[in-house]
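Participant: One structure, pasted below without further comment.
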Amino acid sequence: MKDSARHVVITGLGAAAAAGRGTGALLDLVLAGEPAFSPVTRFAVTRCRVTVAAALPGSPVLAGELAAVIADACDAAAMSSRDRAGSPLLLALHSDAAAARDPRAGQAIGGLAAGMAGRCGLAGTLRTYTTACVASSTATADAAAMIVSGQADRVVVAAGYLVDPDSFGVFDAGRALATDGQLRPFSAGRRGMLLGDGVAAVVLESAATARQRGATVLAWLAGWGRAGDAYHVCRPRPDGTGLARAIGNALRRAQVGPQEIGYINASGSGTSFGDAAESAALHRAFGPAVRHIPVSSTKSVHGHALEASALLEFVGTVLALRSGQLPVNAGFLAPDDECELDLILGTPRPRRPGYALSLNAAFGGANTALLVGVA
Amino acid sequence: MNTGPTARAAPSELAAPDELAALDGPGGLTVLARAQWPARDDDVLPPIPGFIVSSFSPLVAELAERCLRRYFGLRPADQVRGERTAVLLASTTGDLATAAAIAEAVDASRRVPPLLFYQSSPNAVVGHLTARWGLAGPVVCTSPAAGTLTDALQSAVLLIEDGDAAAVLVIVAEQGRAGAGAGAGDDHGTAMLVGPRAWPPAATRQEGER
């Protein structure tokens, strides 16, 4: 697998989250383990039960943030104008609040997707993924599949979500947000999720293409897996079988054994049932050995960026692998019997594993696993 | 709500040959079953308990129901094929009516109806139908930039060739401007179960057989 010319490598990354713009700011955030949640000032939250989110400062505009992050990733990958013009774009986006107010829009995700590839000098936007919290990891898996199949030599994947009054209002009404203002993955006393801005981009390409143009390989996308729960409209299957199958699919594709996994960036959204189901999935996939695999959910510091969260977490995972420090699982109060995991608490853990998993689970029982290998 | 008779285009063919060309290739794939909505001028979408305001989720669920019934017969699918069947929901419009209802509540400083929380994601109705039918393959929702059905079929073929699914229930659902209730006039959609030619013919199972 590692020797295959069509294996998928990562040559560019870009990110923006509450801590600021740039991959350096994201790495600092996830390693410091200081949650970025603060009172929402972008819009009125007076009628809401919860009033905090992890937001970029000022009044960011999604199209601009997305274009900047894509440019950062393409620059990091040292892509020429010609390289960009030959690279299709896959996007993952949330519904557009402006389009919801415009009877002429005719499209819930709005018109942002159509112009983004052109604005960034890319070949074209093929489609936008809307699969909720696994939208951007699904886009990443499809990009990898396109490269392996020979449909493309290089694909840019980008995703963005900025906390807006509509999503905040509906998550608050659904009692999904943590009333204590902290997102506490896998902890006793966890009360739910919190929203956060997230914009991310990655450049994926075949090993052969990267080698031909002398690109620096940051890491490789060793495997990817997807599976469904067939269980419920919004709750995960409690025994974790769907997510465990996604993990198994990723490991099999990469021909990597469970014992080789040295870090898991968990979906860990801080919900009572979601984290318990994910813990069950990890025990199912890895057996007793899971107690020796360091686990954290970086949502605990940057919040849940909905359709963009999986890509933001994937970028964070790649950065962490390269840094030799594994991110902190913030917000932890006390162990929960339903989540017996080796959580990274307090300070980042110095470690240089060969492989790490980035996991995500979404409404509708959608599960994804992305397996990152060190370059 | 059903807005009554409206000017509606006659049901089109389920897929033009150009669109089905996405299935050509070494994969040995075919359309195992198909359905469309509306199938006739007086077609009505059955509501789904817990889903309100918008016709989008009922449209997706009814397309899936008609297509899967034609292939699998009774619910659920048999375990072997069900576990290997993915769902790919593609929509250019998305759920306009739910998004508009949330925006309306927010703009009026009213509390958003809690039921809109989960139906605001297209995954929710996919979870509804996969739970009923026992379809445990990947769940994918997209908004293609162009050629929605062609793109959805190409994505389905990629998903199968990539290995995490053997078959894909492809649903293309578009919400019309009315959009605000089951049976709204200009909603339309197509569903196709794409899978291996080697899978047994449609609806051969009898009641009680798994």
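For (1) surrounded by 22 or more Cβ atoms within 10 Å (Cβ to Cβ); (2) without any contact (Cβ under 8 Å) to a residue 40 or more places away in the chain; (3) part of a loop (DSSP other than H, G, I, E, B), each residue gets a yes or a no:
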residue	(1), (2), (3)
A:F43	no, no, yes
A:A53	yes, no, no
A:P60	no, no, yes
A:A71	no, no, no
A:M79	yes, no, yes
A:L89	yes, no, no
A:A99	yes, yes, no
A:M116	yes, no, no
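Participant: Starting from residues that are within 11 Å of chain B (Cβ to nearest Cβ) and surrounded by fewer than 24 Cβ atoms within 10 Å (Cβ to Cβ), keep the ones in the range A:174-185 and report whichever is nearest to the chain's Cα centre (by Cα).
Facilitator: Ranking the candidates gives A:A176 first.
Participant: With the requirement that a residue be touching a Pro at 6+ places or on another chain (Cβ under 9 Å) and either not in a loop (DSSP other than H, G, I, E, B) or not assigned by TED's automatic domain parsing to the domain that holds A:H94 (or both), what does the range A:137-169 give you?
Facilitator: Within the range A:137-169, A:T138, A:A141, A:A143, A:M146, A:R154, A:V155, A:V156 qualify.
Participant: If A:D75 meets every condition in (1) out of contact with any Asp or Glu (no Cβ under 9 Å at 6 or more places or on another chain); (2) modelled with pLDDT under 95; (3) not polar (S, T, N, Q) apart from one, which number is that one?
Facilitator: All conditions pass for A:D75, except number (2).
Participant: For the range A:253-282, enumerate the residues that are part of a helix (DSSP H, G or I) and within 22 Å of A:A362 (Cβ to Cβ).
Facilitator: Scanning the range A:253-282 gives A:R253, A:S272, A:F273, A:G274, A:D275, A:A276, A:A277, A:E278, A:S279, A:A280, A:A281, A:L282.
Participant: Suppose we filter B:L96, B:L89 for residues that are closer than 30 Å to A:L112 by Cβ, touching a Cys at 6+ places or on another chain (Cβ under 9 Å) and within 14 Å of chain A (Cβ to nearest Cβ); which single one remains?
Facilitator: B:L89
Participant: Just the residues that are facing another protein chain (nearest Cβ under 7 Å) and in a helix (DSSP H, G or I), please, taken from the range B:126-152.
Facilitator: The answer is B:V126, B:G127, B:H128, B:T130, B:A131, B:D151.
Participant: Please determine, by comparing only the residues of the range A:100-128 that are aliphatic (A, V, I, L, M) and at the interface with another protein chain (Cβ under 7 Å from one of its Cβ atoms), which one is nearest to A:A63 (Cα to Cα).
Facilitator: For the range A:100-128, the residue satisfying everything is A:A113.
Participant: Related question: Tell me, which residue of the range B:106-124 that is at the interface with chain A (Cβ under 7 Å from one of its Cβ atoms) and part of a helix (DSSP H, G or I) is surrounded by the most Cβ atoms within 10 Å (Cβ to Cβ)?
Facilitator: B:N123
Participant: So, A:P39, is that one assigned by TED's automatic domain parsing to the domain that holds A:I147 and more than 15 Å from A:V163 (Cα to Cα) or not?
Facilitator: The answer is no for A:P39.
Participant: Give me the residue from the range A:219-255 that is surrounded by fewer than 24 Cβ atoms within 10 Å (Cβ to Cβ) and out of contact with any helix residue (DSSP H, G or I) (no Cβ under 8 Å at 6 or more places or on another chain) and, out of that set, nearest to the other protein chains (Cβ to nearest Cβ).
Facilitator: A:R253
Participant: Something else now. Can you name the residue in the range A:186-203 that is part of a strand (DSSP E or B) and within 14 Å of another protein chain (Cβ to nearest Cβ) and, of all such residues, is surrounded by the fewest Cβ atoms within 10 Å (Cβ to Cβ)?
Facilitator: Out of the qualifying residues, it is A:M193.
Participant: Restricting the first residue to the range A:348-370 and requiring it to be within 14 Å of chain B (Cβ to nearest Cβ), which pairs with a second residue that is of a type in the set (G, A, S) and in a strand (DSSP E or B) meet a Cβ separation below 6 Å and a spacing of at least six or different chains?
Facilitator: A:G365/A:G228; A:N367/A:A227; A:N367/A:A361; A:A369/A:G225; A:L370/A:S358
Participant: When you check B:V80 against the structure, is it without any contact (Cβ under 8 Å) to a residue 40 or more places away in the chain and either under 21 Å from B:P138 (Cβ atoms) or charged (D, E, K, R) (or both), yes or no?
Facilitator: Answer is yes for this residue.
Participant: Going by the structure shown, is A:A285 part of a helix (DSSP H, G or I) and over 19 Å from A:G20 (Cα atoms)?
Facilitator: Considered against the rule, which asks whether it is part of a helix (DSSP H, G or I) and over 19 Å from A:G20 (Cα atoms), A:A285 comes out as yes.
Participant: Could I ask something else about it? Sort out which residues of the range B:54-91 are charged (D, E, K, R) and part of a loop (DSSP other than H, G, I, E, B), and write them in order of number.
Facilitator: Matches in the range B:54-91: B:R75, B:D78, B:R84.
Participant: Test B:P49 against the stated conditions and say whether it is surrounded by fewer than 22 Cβ atoms within 10 Å (Cβ to Cβ), more than 10 Å from chain A (Cβ to nearest Cβ) and not in a helix (DSSP H, G or I).
Facilitator: Against the criterion (surrounded by fewer than 22 Cβ atoms within 10 Å (Cβ to Cβ), more than 10 Å from chain A (Cβ to nearest Cβ) and not in a helix (DSSP H, G or I)), B:P49 qualifies.
Participant: Follow-up question, since we're still on this one. If a residue has to be surrounded by 24 or more Cβ atoms within 10 Å (Cβ to Cβ) and away from every other protein chain (no Cβ under 11 Å) to count, how many in the range B:157-168 make the cut?
Facilitator: The total comes to 2.
Participant: From the list A:D153, A:D166, A:D142, which residue is surrounded by fewer than 22 Cβ atoms within 10 Å (Cβ to Cβ), out of contact with any Phe, Trp or Tyr (no Cβ under 7 Å at 6 or more places or on another chain) and modelled with pLDDT of 95 or more?
Facilitator: A:D153
The values are calculated or read from the model by the stated rules, or taken from the named source; none is laboratory data. Keep in mind the model is a prediction, meaning the values are calculated, not measured. Ideal geometry is used to build each Cβ from the backbone, glycine not excepted, and the neighbour counts take in all protein chains shown.
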